[in-house]
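Okay, structure first, notes after.
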């Protein structure tokens, strides 16, 4: 019996029994009473079947008497310990390779420049200069103190620790001349010199991301996407998320994930517009009661069927 990639619905020929009584799925056959005929509708387009299994588009008739199921009951065959270990090893190898890349922007030369005066630059948490760390802390406070509310004092300490670890990766958005955000009478050469001496003075924002394992899958997790208030609403955040997704795909990650405060309705709307959905790992989906007690949601955008199954649909 051929293995089929999608479930095939079986319908009682006796129309008085309206419910689904059996399915063929993934090479398994579930038993049905032998005294009833079954009507099996197969289409290669809907079920992923080879065309030779179709009968000119008509229903293929079969009876339970001449179809002996190979497997009578029970769960799908579980992967062996060796297979599990091999998959885990492959997952962590992808993470290791992604972390080993010193500059992910170098893989995507088309994304180095956003507009004529706006450029991108990579960085790592353990290499941040003190003025840059101070800038990040200040921008986080400006943008996040209100959404976090009374939780901010504790969360600020957590973020300070997170921002400087070696696995923290950054992409900084820099402005090298006036006109995009800041109005200034300084000459362009003077601004460029100032940026060279004090880079943080020309920052428009940054994204902090890492390569991690979630639900046994390699994912790119966005820890922070922060833009100066005056730089928001100009398409820069969307551009940065598109860049992040390109980095994730380039490094064979299964998804991009991030955490958003429920109170940050503007951010929720932004990510929803970019087709991010609430992950099955988010508290509100794991347990609605617990979700009510939590102030955040976990969002994701998946890039393959396995990631979609685990991170969106919640199939484990």
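Taking neighbour counts of Cβ atoms within 10 Å as a proxy for exposure, in what order, fewest first, do 97, 82, 234 appear?
82, 97, 234
I'd like the distance between the alpha-carbon centres of the range 78-112 and the range 198-249, rounded to an integer number of Å.
19
We did not get these values from a lab; they are worked out from the coordinates using the rules stated. Since we're looking at a predicted model, the values are computed, not measured. Don't worry about glycine lacking a Cβ; one is built from the backbone with ideal geometry, like all the others, and counts go over all protein chains shown.
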